[in-house]
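Note sheet for the following structure.
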Amino acid sequence: GLQRTEMHQVTRRLRFYETALFVPSAGAAAVGLLGTGLVVQRVRRRRAIRRRFNPYIAGAPVLEDEMFFGREKLTQRLLNVLHHNSLMITGERRIGKTTFLYHLKKVLTADEGSDYRFFPVFVDLQGVPEHGFFHALMSDVVEALGLTPATRESLRFLPQPDSYDGRDFSHDLQRVIEELKVRTDKKVKLALLIDEVDVLNEYSERINQRLRSIFMKTFSENLVAVMSGVGVKRTWNSEVSPWYNFFDEIEIAGFTREEAEALIKRPVAGVFRYQPEAVERILALSQLKPYLLQKFCVHAVNRMLEDGRTTVRSTDVEAARHAVMFEGALGPAEAAEAPTHVSA
Ligand SMILES: Nc1ncnc2c1ncn2[C@@H]1O[C@H](COP(=O)(O)OP(=O)(O)O)[C@@H](O)[C@H]1O
Ligand SMILES: [Mg+2]
């Protein structure tokens with residue numbers, strides 16, 4: 001047989017970790033890195049004290065994703081049912097309804113996971129009088145969707161709310177939905193996220209019925225709503241069942257322990273620390289309600305900063321108690337109405 005001999009020259013360079021110098025230099029590098037890390041952290045902390053870094057938000061709706069916590073199950077549940085059903089979210093004041101609606105708006109805008117394409121529109125009904133109701137709805141629709149000039153011109157909607165009624169609204173909604181259908185191959189769902197629906201309780205029955213017929217019949221294919229408020233009036237004179245009978249009702253409540261702990265710690269992670277007892281104290285005093293959690297954190301961190309420290313102590317939380325319970329949970333007016341809450 002044939003025999004072939006080949007010569008290969010192999011030069012093998014030592015891998016970097018095989019060199020004699022690796023261990024000591026890696027050690028030095030690790031120590032160096034650690035040292036640098038500590039220095040960086042110390043600098044970061046000092047700067048945070050100087051700038052009075054306090055990222056908690058207590059009062060205004062939370063719009064930033066970094067400060068939004070929890071609500072995963074609720075979000076999932078809404079995504080699951082919203083193509084079939086409109087929903088009513090109820091919950092006490094400052095439990096997080098408005099914050100959740102803003103969150104939902106982002107989630108629905110980004111949602112790609114179904115045969116439906118959502119076009120969410122946020123509507124705040126606070127202070128909207130009955131005669132301006134449908135105009136207020138359409139006003140937000142027009143503003144949020146960036147309609148084409150052609151569609152815009154086909155609407156009855158004008159900047160002034162004079163005499164714009166449910167019929168005008170239906171007419172315009174039709175045109176809006178036609179345009180949305182051109183924008184996507186998926187099934188169109190215009191999703192009205194309507195906050196502060198408690199004002200509907202003050203409106204006449206006629207307008208409530210009108211609302212019902214718009215959602216239940218005329219546009220049921222392409223229109224869904226998520227309403228939120230403290231509660232809805234249950235007693236109407238009419239025989240016809242009111243709009244909310246067709247809505248799934250979900251109550252929004254406080255956080256789980258895990259969600260609450262994340263809200264306490266994550267916003268200041270890498271900058272400030274909490275003594276474990278301080279965290280426990282906040283969890284207990286806040287009853288896991290997001291507003292109270294944030295409020296306790298704002299005050300406790302402020303006190304810590306005033307003292308030039310970077311760890312929140314349980315004494316900071318105790319000191320915050322007075323401020324949170326009196327000026328916080330209840331506004332001054334409510335505090336006067338409900339003194340039992342204050343002393344708790
Ligand atoms: N998901 C959340 N994550 C973090 N903080 C929240 C959340 N929801 C509510 N909060 C806190 O509660 C406060 C009130 O929330 P908001 O949405 O205005 O309540 P509501 O609309 O029910 O009155 C906010 O300022 C914030 O401190
Ligand atoms: Mg609100």
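The values are calculated or read from the model by the stated rules, or taken from the named source; none is laboratory data. The structure displayed is predicted, hence computed values, not measured ones. Cβ atoms come from the backbone with ideal geometry, glycine included; neighbour counts cover every protein chain shown. Only protein heavy atoms, including side chains, enter the accessible area calculation; ligands, DNA and RNA are left aside. Shrake-Rupley method; radii C 1.70, N 1.55, O 1.52, S 1.80 Å.
With a cap of 12 neighbouring Cβ atoms within 10 Å, and only residues DSSP puts in a loop, list the trypsin sites (Lys or Arg not before Pro) found in the range 170-234.
Details: sites: Arg175, Lys181, Arg183, Lys186, Lys187, Lys189, Arg206, Arg210, Arg212, Lys217, Lys233, Arg234; in loops: Lys186, Lys233, Arg234.
Hits after loop and neighbour filter: Arg234.
Of all the accessible heavy-atom surface of the range 71-251, with the other protein chains kept in place and a 1.4 Å probe, what percent is carbon and sulfur?
47
Report, by chain and number, residues whose modeled amide H sits under 5 Å from the one on Tyr274, excluding near sequence neighbours (fewer than 5 apart, same chain).
Val312
List the residues whose amide H sits under 5 Å from the amide H of Asp124, counting only those 5 or more places along or on another chain, with H placed 1.01 Å from N in the peptide plane.
Asp195
Go through the range 62-79 residue by residue and turn each phi into a ³J(HN,Hα) via Karplus (6.51, -1.76, 1.60, θ = phi - 60°); whole Hz please, and just put x for glycine and proline.
With coefficients 6.51, -1.76 and 1.60, one gets 7, 9, 7, 4, 5, 9, 8, 10, x, 6, 5, 4, 4, 4, 4, 4, 5, 4 Hz.
Which loop-located chymotrypsin sites (Phe, Trp or Tyr not before Pro) does the range 126-209 contain, where loop means any DSSP state but H, G, I, E or B and the Cβ has at most 15 other Cβ atoms within 10 Å?
none
How high is the relative contact order of the chain, given as a whole-number percent (alpha carbon pairs under 8 Å, six or more residues apart)?
Here the relative contact order equals 21 percent.
List the extent of the Cα atoms of the chain along each of their three principal axes, largest first, rounded to whole Å.
91, 84, 36
Is the shape of the range 209-290 best called rounded, prolate or oblate, per the rule: a/c under 1.5 gives rounded, else a/b larger than b/c gives prolate, else oblate, with a ≥ b ≥ c the square roots of the Cα gyration tensor eigenvalues?
Details: a/c = 5.73, a/b = 2.79, b/c = 2.05.
In terms of gyration-tensor shape, prolate.
Taking GluC sites (Glu not before Pro) as exposed when DSSP calls them loop (any state but H, G, I, E, B) and at most 12 other Cβ atoms lie within 10 Å, what is the longest stretch of the chain free of them, the sites themselves excluded?
Formally, the longest exposed-site-free interval is 113-220.
Select from the range 17-103 those trypsin sites (Lys or Arg not before Pro) which occupy a DSSP coil region and have at most 16 other Cβ atoms within 10 Å, ordered by residue number.
Passing both the DSSP loop test and the Cβ count: Arg51, Arg52, Arg93.
Extending each Cα 7 Å along its Cβ direction at Phe22 and Val107, get the distance between those two points in nm, one decimal.
Output for this residue pair reads 4.9 nm.
By the gyration tensor of its Cα atoms, with a ≥ b ≥ c the square roots of the eigenvalues, what is the shape of the range 38-121: rounded for a/c under 1.5, prolate for a/b over b/c, or oblate?
Prolate.
How large is the accessible surface of Phe122 in square angstrom, using a 1.4 angstrom probe and rounding to the nearest 10?
For Phe122, the solvent-accessible surface is approximately 30 Å².
So which lysines pass the test for Lys105, namely a Cα distance under 21 Å, with those fewer than 8 places away in the same chain ruled out?
Qualifying lysines at Cα under 21 Å: Lys73, Lys97, Lys181, Lys186, Lys187, Lys189.
Grab the DSSP H runs of the chain that are 4 residues or longer, score each as -39,500 (n - 2.57), total them, divide by all residues and round the 222 nm result to the nearest 500 deg cm²/dmol.
-14000 deg cm²/dmol
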